[in-house]
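Shown next, in structure tokens, is the structure this report addresses.
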């Protein structure tokens, strides 16, 4: 591979623009490729890659063509889109190909036979983009969101247009507007309202019907009842040439409630990641060496005893023992540790870990469904099932609200009919007004508006809420358990100190730019001078070697660089040698996140109990805890022990938040009351966490806690406002003082107050 | 009040036009990939 010839003199030659080797787009900072997609594409172009049996997932369009949607990883720029789409469209029989950048998915259709899909997927794979299957729940949620949006549009249109007519009705009395005109207005209103209610009310009707069938009740029952009764009542009033109709109230009610419903759906749906992404690592094909012949075997069918070949950059398909070759393995998926582990023949490797530096052959010891990875996933599932179902504040309010409103409506009807001997139509009219005016608008908006504003604000701070009730749960916590690597610390080594001269450092840094090893990257990041162009050769398991101006330079392990003494500290290190003589040592360590001390101090002052839970050695964990200022430390714990620890805390009565990033933390995250993980975490870990934060800093933990507490206060205030409003409005409705105008004003007024109150969230500094 | 015979249908038609327009954009998946659309404008379609 000619990746050695890189133009890295970004400082020296400003007029020479570096371009992507693959797509020719000018790149930043003299990089060889514009994005990892192009880099992988370039590497993979000569390598044959097999795609999994994706075609089984294809949808048969019944006209001889098939459509397949797949998740695709690594799309970063416009040229990635074009590359994939054009490559597919150039194939015979492909009738359509479309990349969706926001959702990172690829949809393509072809004619002929179903199996052709595999070949087409392989085409994309060969370009270097990883494909993975999608799960259906995502699809369903997107469809539901869309239909809500349609319902909002329809009810919004109807509410707006009917308001034009209603304002006319309200602003004139019986004297100024003749009865015929008033009836015309009523009829037009009915004409708009009835289809709208039938269409836009469906989400509520369906939900109400399904709970009634189960002999339960929820908020949608009184909503549906109010809307339907209001319509029936208004139609009869229109027929009787009555004065008051409530079409506009019914439609406006639907409009407000749909907005609340949509915001709620969005909050829940945001950042919904597919859990299948992780397991898709185990869906692929393994290269098996059998009797000197190479065969491709689906990973699922790997049996213990098989000998598999793992190429550089590939994930190890199953747990096993290295039979031949030596390499560095990225174990981060399993342990959360970012330093690759050197393996030689006889070492144990685990499924899902990534082979970094040289091809190895692995003797499979466990079938893939028994691998450590699968076990952790299973553990995770059990923890999630054990998670107590949390009843949201809004649901509790609804449970209280529904029977009260129904009783109130019924009492009003009986009161007017029996006690006041009013005609039943009049009695029913008053009962319906009670149902409309107790309008759950404010109630329906109280939570979602706060939620959306809070999540918007958190989003700007780089914090993503993944579950709708995360904020509410977060506001209740009194204990935080931190993982060490990647959570309290940055999770990647950084240069601590070095003993090199300026020239040597420049050469070492220039060599380091051409390796993917974490220490080399740390060196590159730490060095800010000009870089040289050097041809570098990577010696697997040892380091980098380069010849430059007649001298041979080596950057790598202690022994390889000719240093014989043993190290006297625990720091990670690189050695640099010139012509075989050691020239100096560079030491690295995983530092605390820059603001960790400060944030932890703030949390402690907010009376939050802090724990540190680490799979690392006791001494290292204690050091980090002391530096960060955490008193309670538990080290050398397995994933199972971590979730056990969380369960014990819970049993003691603590409400715990877990913050962690490794796959080994995932079960603990699921076991916690609420959980958070940095965006550098493994997919599955992010999936499990309720909240994901993006930042080098730890301050999001503090910000999220503050905003959660604030928004819970606001939600409660909103409920109080809605209650006060009802206390005033209900007697008026029961006594029959409410006209359609009063209902409309009261309804929009209460909704507006709740929304304005929610906006106070943006005023407070955190 | 004859003016109402014109104004009401006009108001309703305009509103309806807006609604239909929105539903059309929704149906033709124009909100599906807002990020991708921003990038696609950079592509040169005449090339192929």
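Values in this text are rule-based calculations from the coordinates and carry no lab data. Computed from a predicted model, the values in this text were never measured in an experiment. For neighbour counting, all protein chains shown are included, and Cβ atoms are generated from backbone atoms with ideal geometry for every residue, glycine included.
Calculate, axis by axis, the spread of Cα positions in the stretch A:656-714 along the three principal axes, and write the results as whole Å, longest axis first.
35, 25, 14
Given a Förster distance of 22 Å, report the FRET efficiency between residue A:460 and residue B:38 from their Cβ-Cβ distance, rounded to the nearest 0.05.
0.70
Could you list log10 I(q)/I(0) for the stretch A:615-761 at q = 0.10, 0.11 Å⁻¹, which the Debye formula gives when each Cα is one point scatterer?
-0.56, -0.62
Debye calculation, C-alpha points only, no solvent: report log10 I(q)/I(0) for the stretch B:3-47 at q = 0.31 Å⁻¹, in the same order as the q values.
Debye intensities relative to I(0), on a log10 scale: -0.98.
Show log10 I(q)/I(0) for the stretch A:409-561 at q = 0.14, 0.18, 0.20 Å⁻¹, two decimals, from a solvent-free Debye sum over equal Cα scatterers.
Reported log10 I(q)/I(0), two decimals: -0.85, -1.04, -1.19.
Of the peptides A:594-602, A:245-253, how do they stack up when ordered by the mean number of other Cβ atoms within 10 Å, highest first?
Packing proxy ranking, top to bottom: A:245-253, A:594-602.
Other chains' Cβ within 10 Å of B:10-20 residues: what's the mean?
3
Helix B:3-27: angle to the longest alpha-carbon principal axis of chain B, degrees 0 to 90, nearest 10?
That helix lies at roughly 20 degrees to the long axis.
Percent of Cα-Cα pairs more than 16 Å apart in the stretch A:49-123, please.
Tail of the P(r) past 16 Å holds 44 percent of the pairs.
Ranked from highest to lowest mean number of other Cβ atoms within 10 Å per residue, what is the order of the peptides A:81-88, A:179-186?
Packing proxy ranking, top to bottom: A:81-88, A:179-186.
Taking beta carbons within 10 Å but only from partner chains, what does the mean come to for residues A:752-760?
0
Taking every residue in A:181-189, how many Cβ atoms of other protein chains lie within 10 Å of its Cβ, on average?
Other-chain Cβ atoms within 10 Å of each residue's Cβ, averaged: 1.
Divide, for the stretch A:490-649, the radius of gyration over alpha carbons by 2.2 N^0.38 Å, where N is the residue count.
1.30
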